[in-house]
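First up is the structure itself, then whatever we jot down about it.
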Amino acid sequence: MQEMNYGCGTILHLAELVNNPTVLYVGVGAGLEALQFAYFSRRPGSVITIDPVPEMRQAAVKNLEIAPQENPCFDPSFVEIRQSDAFNLPIEDDSVDVVAQNCLFNIFEPEDLSRALHEAYRVLKPGGRLQMSDPITTAPIPEHLQQDERLRAMCLS
């Protein structure tokens, strides 16, 4: 998991993860955040993660199957990995306590970001939280760099 992690920051706020929350993590990555959330949501299916890329889902499944060997208190049943994307969350309205994402929303164009945020708020319970960690800039990024999909995918523009 560590080898596959971009290191964009963390979305885990330990003081806020109380009362065994139901968590939706958007973009499974290597499964690291799902594993971390599962330490605070210790029941089957309490951490739901979505990703549209089959290879990412497969890598996360593999990593989460290995995790109990080094983390005996982790149970892979705590995490459910679903195929979907940030624009079509396969979650019922008002059903999760926390929606989290790490280094994903920053690569969206403004209209896509609005769609993703709308979906996130749709699935949050009243009083739920959106937790994010994304790089930001304090200066405008030149248009030609903003339009470079490779640089955007690498969280550089």
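Coordinate-derived values only; no laboratory data. Since the model is a prediction, treat every value here as computed from it, not as a measurement. All Cβ positions, glycine included, derive from the backbone under ideal geometry; neighbour counts span all protein chains shown.
Shape analysis of the range 64-154 yields a ratio of the Cα radius of gyration to the Kirkwood radius, Rg/Rh, of 1.06.
Normalised by residue count, the chain yields a Cα convex hull volume of 116 Å³ per residue.
The slack in the chain from Glu109 to Asp93, taken as 0.36 nm per residue of separation less the alpha-carbon distance, amounts to 3.3 nm.
Remark: Leu89, Leu156 ranked as Leu156, Leu89, counting other beta-carbon atoms within 10 Å and listing the fewest first. Towards the positive end of the charge dipole of the chain, with charges on Cβ (+1 Lys, Arg; -1 Asp, Glu), say which of Leu24, Ala38, Leu113 has the farthest Cα. The residue sitting farthest along the positive end of the dipole is Ala38.
For the pair Leu130 and Lys62, the difference between a 0.36 nm per residue extended length and the Cα-Cα distance amounts to 21.8 nm. In sequence order, the range 111-127 has phi-based couplings of 5, 6, 4, 4, 4, 5, 5, 4, 5, 4, 5, 4, 8, 6, 5, x, x Hz under the Karplus curve 6.51 cos²θ - 1.76 cosθ + 1.60, θ = phi - 60°, and Gly or Pro positions carry x.
The 3J(HN,Hα) values that the Karplus relation (6.51, -1.76, 1.60; θ = phi - 60°) gives for the range 48-65 are, in residue order, 9, 10, 10, 7, x, 9, x, 5, 5, 4, 5, 5, 5, 4, 4, 5, 6, 6 Hz. Gly and Pro appear as x.
This ranking places Thr137, Thr22, Thr49 by how few other beta-carbon atoms lie within 10 Å of each, fewest first, which gives Thr137, Thr22, Thr49.
Spin-label model, Met154/Thr138: points 7 Å from Cα along the beta carbon direction are separated by 2.4 nm.
Among Leu117, Leu64, a tally of other beta-carbon atoms within 10 Å of each Cβ gives an order, fewest to most, of Leu117, Leu64.
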